[in-house]
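For reference, the structure is listed below as structure tokens.
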Amino acid sequence: MIGLSVAVGRFVEALFWAILRVAGVVTVAVVAVAAAALLAWIVARKMWARQRRRRMRP
């Protein structure tokens, strides 16, 4: 019975770490996508501001 208990414990531990690993990968992916979107938004704003300034100059 002890061997079965150890096997179940190891399985639960492996399952726990697998869930944490997946959650970590998902978190990193979400943060990376958010950072890329923010960077793209900043670049787009600067480009639009530059175009507006060029149009206003005679």
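The table below lists the values:
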quantity	calculated
Two-decimal Rg/Rh across the chain, once Rg and the Kirkwood Rh are taken from alpha-carbon atoms	1.61
Stretchable slack from TRP17 to ALA36, in nm (0.36 nm times residue separation minus alpha-carbon distance)	4.0 nm
Between 0 and 90°, nearest 10: helix 2-56 axis offset from the chain longest Cα axis	0 degrees
Summed side-chain charge close to ALA44 - residues other than ALA44 whose Cβ falls under 14 Å, Lys, Arg +1, Asp, Glu -1	+4
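Read-outs throughout are calculated quantities, based only on the coordinates presented, and are distinct from any laboratory measurement. Nothing here was measured: the structure is a model prediction, and the numbers come from that model. As a convention, Cβ positions derive from the backbone with ideal geometry for all residues, glycine included, and neighbour counts pool all protein chains shown.
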